[in-house]
């Protein structure tokens with residue numbers, strides 16, 4: 001048992017003490033956090049045991065007008081602000097990785113507790129940041145980093161701390177869910193829907209983080225770390241985005257009575273022979289049966305399933321993005337951390353004692369939907385079926401339909417190993433009978 | 001700002017210290033908690049920062065065989081056990097009110113932290129118990145008291161501590177949900193399904209607490225207290241059970257494209273003129289549209305919706321009863337409390353600073369489904385409609401069908417005040433045109 005969590009704790013400032021707050025970033029979330037710290041000030045004071053006072057707000061551009069913000073508070077020197085003696089708590093809602101990493105590290109090293117909504121930062125630098133928090137005996141909280149106001153970090157860290165979590169699966173990116181949802185319901189193409197998502201403000205000007213799955217991968221890394229008490233960084237997450245999803249894929253999903261969702265999946269695996277455990281975290285678009293609760297998660301909503309040994313299956317659902325929901329999660333952490341600053345004590349931090357190995361993606365088991373264009377002649381089905389069986393992939397259903405020139409064959413497999421399926425597809429590609437592999441999509445249920 | 005929460009905190013025993021545990025009760029939940037404290041001992045030690053050691057188990061009958069339990073640990077003197085110097089943490093899973101109250105109070109007064117799954121105890125005696133915990137600077141945790149392993153106490157206490165919760169609504173009693181579900185799906189009567197629920201072990205030999213809504217009322221009281229930072233006890237909860245639900249009511253629900261669920265509803269109300277806030281907590285069977293997520297919560301599952309100002313709508317779903325799920329919630333609290341015992345600090349406790357008044361049940365607004373047998377003659381509809389309008393109850397839909405002798409009239413209202421609807425029903429009863437009021441059921445959506 002190494003890497004025990006958060007054993008050093010600072011004494012509290014004492015009931016009635018004021019908590020000095022530094023806010024980094026004044027975008028949508030930052031402005032809402034600042035507004036609510038004012039509006040809900042009395043409530044927070046009663047919940048914390050002392051008042052919260054915003055003593056500095058770091059922004060990148062001092063010249064921009066900021067309505068309703070005391071200009072005396074503004075600074076463009078975040079690094080100095082977080083180290084000031086009158087600051088106890090730093091709220092980081094800048095975004096990005098390198099700059100906030102530098103500032104958050106400085107804050108933690110200076111003995112300031114930190115609340116952040118920055119999933120990319122936590123997923124990439126949890127080890128370094130947690131160590132700094134531990135050394136200073138302060139809190140580093142990040143409920144808002146996953147699914148905004150849907151409590152999932154807290155439940156995994158605390159409510160399920162007495163249980164053994166075996167899987168976490170969910171829809172954790174609203175932008176891609178909006179796009180896939182619209183493609184499914186309106187028959188539009190990926191490009192059309194991405195343009196609309198950008199116009200509506202759901203997608204960033206550079207949508208890479210969303211549509212290529214990196215945002216979801218950061219969240220998967222955080223969820224897997226918490227669930228399995230093992231350090232999982234975004235580099236450990238097998239990540240595929242939704243750029244390649246076509247209207248044909250959507251039609252195939254409909255034919256299979258399913259929809260397509262970008263899923264984040266975190267799983268505890270157990271070797272059948274040795275009993276040794278490992279961890280898998282992955283993000284990819286997958287077919288989900290329309291009867292599955294995840295299928296009806298629409299637009300920018302998020303839903304997360306947790307499967308634990310004693311608790312059984314749990315689901316958390318809500319709005320996973322936006323200024324209000326993100327501010328709610330940030331402020332929940334702010335109240336908890338402030339309480340610790342005033343009264344002493346410390347929340348549970350990173351816990352990596354289990355240190356399970358990351359499973360090879362090729363060893364993952366799931367089901368597959370393989371959509372092929374084949375020759376329309378005697379013996380084709382046998383050849384195709386043989387390609388599956390020679391790689392130990394068992395076929396569950398086959399559907400064949402005529403095309404104008406040839407035939408279309410859709411195979412749905414039983415649970416099979418990722419690497420076996422990959423070899424199967426390589427073999428299929430070499431068959432003369434197979435004119436093209438239209439798509440290979442995983443199926444989850 | 002009075003009644004501030006949990007301001008006194010004891011110092012920790014120090015990292016590596018052992019936490020002495022007393023377990024009260026060895027029924028389904030108690031036995032599972034004991035088993036898991038053993039099986040997951042290493043995990044818990046890593047999460048807590050020190051080992052947990054069960055040093056005594058209180059049971060009512062020492063002579064009963066207890067397989068796999070060290071007999072040296074057993075005692076029938078819970079009161080002495082909880083006050084022993086080597087006990088730091090008391091887990092109460094006895095059930096009942098008066099006896100556990102006495103024992104839990106003694107434990108808290110002796111400076112022991114307490115984890116309980118006892119909803120009736122918390123709902124009835126939260127004030128007294130919280131005061132004792134506060135005086136001793138220890139934790140009193142009760143996540144398992146509401147919806148077993150579904151994290152809802154924690155999210156309300158912590159994750160949503162930065163938000164303003166406006167409503168909590170849900171299905172929080174598995175027994176009644178099983179009965180109503182079976183009545184709906186199988187067309188069986190209440191008595192038949194109660195008998196089956198008893199046989200399957202879902203319902204107790206004396207089902208009063210479940211079917212008359214008292215169990216749900218305890219949970220509603222706890223949820224309302226946490227959500228609104230106001231002391232709400234079970235006496236403050238308007239409570240109606242499901243005994244009076246007939247197969248006719250179920251048929252009427254189906255005709256209205258709805259199902260019937262026993263709901264716990266906690267609401268923050270605001271006077272339109274004065275702006276003054278109050279709180280309502282109530283439990284009653286209500287029609288829920290089949291399209292509503294709560295309609296598909298089946299068997300012993302629980303689901304809880306939370307509506308908060310910034311977070312928007314959140315839903316929590318899972319198995320709300322049983323040994324495993326309840327043990328999961330108890331042990332989550334045990335880990336958190338043990339962490340505080342070892343490292344110092346204290347979780348948020350009762351918070352009643354808002355002290356909002358409890359709204360009069362008559363002032364509550366909802367919609368109603370009124371099912372009447374009326375005379376089949378000219379003018380009846382006008383007379384009935386007049387009875388509604390004279391009490392300011394606006395009609396949304398009317399459905400009339402012929403009966404063998406007379407006619408049946410089903411009126412669904414717009415939002416109306418409980419007391420106005422009650423007066424309307426009184427007036428309807430006096431009308432010669434109305435032969436009988438078959439049922440009045442509220443509708444929620």
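No lab work stands behind these numbers, since they all come straight from the coordinates. All values reported here derive from a predicted model rather than from experimental measurement. As a convention, Cβ positions derive from the backbone with ideal geometry for all residues, glycine included, and neighbour counts pool all protein chains shown.
Looking at the protein assembly as shown only, what percent of DSSP beta bridges run antiparallel? Nearest 5 please.
Counting DSSP beta bridges with both partners in the protein assembly as shown, the antiparallel share is about 70 percent.
For A:46-57, what's the mean count of beta carbons from other chains sitting within 10 Å of each residue's beta carbon?
3
Pairs of alpha-carbon atoms within less than 8 angstrom and 6+ residues apart define the contacts here; what relative contact order does the stretch B:361-443 have, in percent?
The value is 49 percent.
Working from the alpha-carbon coordinates of the stretch B:362-445, get Rg over Rh, Rh being the Kirkwood radius. Before the final figure, lay out the partial values.
Working: Rg = 12.0 Å, Rh = 12.6 Å.
On the Cα set of the stretch B:362-445, Rg over Rh gives 0.95.
How big is the antiparallel share of DSSP beta bridges in chain B, given as a percent to the nearest 5?
Within chain B, antiparallel bridges account for around 70 percent of the total.
Return one number: the angle in degrees, 0 to 90 and rounded to the nearest 10, between the long axis of the Cα atoms of helix B:174-186 and the longest principal axis of the Cα atoms of chain B.
For B:174-186 against chain B, the angle is about 40 degrees.
Can you give me the P(r) profile for the stretch A:30-168? Cα pairs, bins 10 angstrom wide beginning at 0, each as a whole percent.
Bins of 10 Å from zero give 11, 36, 38, 12, 2, 0 percent of pairs.
What are the nm distances, shortest first, from residue A:436 to its equivalents in the other copies, labels at 7 Å along Cα→Cβ?
When each copy's label point is compared with this one, the spacings are 7.0 nm.
Of all alpha-carbon pairs in chain B, indicate the percentage at a distance above 37 angstrom.
32 percent
Exposure proxy check: A:278, A:233 ranked by fewest other beta carbons within 10 Å? Can you show the working numbers first?
On the way: A:278 17, A:233 20.
With the sparsest Cβ surroundings first, the list reads A:278, A:233.
Over the stretch A:153-319, consider all pairs of different Cα atoms and compute the Kirkwood hydrodynamic radius from their mean reciprocal separation; express it in Å, one decimal.
In the stretch A:153-319 this quantity evaluates to 16.4 Å.
Measuring from label point to label point, each 7 Å out along Cα→Cβ, what is the residue A:360 to residue B:361 span in nm?
Output for this residue pair reads 6.6 nm.
Within 10 Å of each residue's Cβ, count the other Cβ atoms and sort A:429, A:119 from fewest upward. Before the final figure, lay out each step's value.
Values: A:429 12, A:119 26.
Lowest to highest Cβ neighbour count: A:429, A:119.
By average Cβ neighbour count within 10 Å, what is the ranking of B:396-404, A:99-107, B:418-426, A:215-223 from highest down?
Ranked from most to least packed, the peptides come out as A:215-223, A:99-107, B:418-426, B:396-404.
Name the shape class, rounded, prolate or oblate, that the alpha-carbon gyration tensor gives for the stretch A:94-219, where a ≥ b ≥ c are the square roots of its eigenvalues, rounded holds for a/c under 1.5, and otherwise prolate holds if a/b is larger than b/c and oblate otherwise.
oblate
Residues in the stretch B:295-328 near a label at residue B:415, defined as backbone nitrogen under 17 Å from the 7 Å Cα→Cβ point?
The answer is B:307-309, B:313, whose backbone nitrogens lie closer than 17 Å to the label point.
If a/c stays under 1.5 just call it rounded; otherwise compare a/b with b/c (prolate if a/b is bigger, oblate if not). Do that for the stretch A:286-402, with a ≥ b ≥ c from the square roots of the Cα gyration tensor eigenvalues.
Values: a/c = 3.95, a/b = 2.27, b/c = 1.74.
Verdict is prolate for the stretch A:286-402.
State, to one decimal in nm and shortest first, how far the label point of residue A:111 sits from each corresponding label point in the other identical copies (label point: 7 angstrom along Cα-to-Cβ).
The answer, with the shortest distance listed first, is 2.8 nm.
Which order do peptides A:89-97, A:291-299 fall in by mean Cβ count within 10 Å, highest first?
Descending mean neighbour count gives A:89-97, A:291-299.
Given the C-alpha centroids of the stretch A:268-303 and the stretch B:199-277, what is the distance between them in whole angstrom?
So the separation of the two Cα centres works out to 34 Å.
Taking every DSSP beta bridge with both residues inside the stretch B:259-383, roughly what % is antiparallel (nearest 5)?
Expressed as a percentage, antiparallel bridges in the stretch B:259-383 total about 95.
Nearest 10 degrees is fine. How inclined is helix A:418-430 to the longest principal axis of chain A, computing both from alpha carbons?
Its long axis makes an angle of about 40 degrees.
Which log10 I(q)/I(0) values, to two decimals, does the protein assembly as shown give at q = 0.05, 0.06, 0.10 Å⁻¹ under the Debye formula with one point per Cα?
One equal scatterer on each Cα of the protein assembly as shown leads to -0.31, -0.44, -1.18.
With viscosity set to 0.692 mPa s at 37 °C, what whole-number translational diffusion coefficient in µm²/s follows for the stretch A:194-270 from Stokes-Einstein and a Kirkwood radius over Cα pairs?
230 µm²/s
From the helices alone, meaning DSSP H stretches of at least four residues, give me the mean residue ellipticity at 222 nm for chain A, per-run term -39500 (n - 2.57), in deg cm²/dmol to the nearest 500.
-10500 deg cm²/dmol, from helical runs alone.
Looking for one value pair here: nearest-to-axis residue in chain B (by Cβ) for the rotation onto A, and the distance in whole angstrom.
B:345, 1
Against the longest alpha carbon principal axis of chain A, how many degrees, from 0 to 90 and to the nearest 10, is the axis of helix A:190-199 turned?
20 degrees
Give me the extension gain from residue A:270 to residue A:392: residue separation times 0.36 nm, minus the current Cα-Cα distance, reported in nm with one decimal. Write out the running numbers ahead of the final one.
On the way: separation 122, 0.36 × 122 = 43.92 nm, distance 2.01 nm.
Length gained, residue A:270 through residue A:392: 41.9 nm.
Can you tell me, using C-alpha contacts under 8 Å and at least 6 residues apart, the relative contact order of chain B as a whole percent?
RCO, chain B: 19 percent.
What is the average number of partner chain Cβ atoms found within 10 Å of a Cβ in B:334-347?
5
Among B:271, B:76, B:88, determine the one that fluctuates most according to a GNM of chain B built with springs between C-alpha atoms less than 10 Å apart.
The residue that fluctuates most here is B:271.
What does the average come to when, for each residue of peptide A:326-333, you count the partner chain Cβ atoms lying within 10 Å of its Cβ?
6
Any idea how far the Cα center of the stretch A:390-445 sits from the one of the stretch A:344-358, in Å?
Spelled out, the Cα-based centre of one part sits 42 Å from the other.
At 7 angstrom along the Cα-to-beta-carbon line, where would the label on residue B:77 sit relative to the other copies? Give the distances in nm, shortest first.
Taking the point 7 Å beyond Cα along Cα→Cβ, the inter-copy spacings are 6.8 nm.
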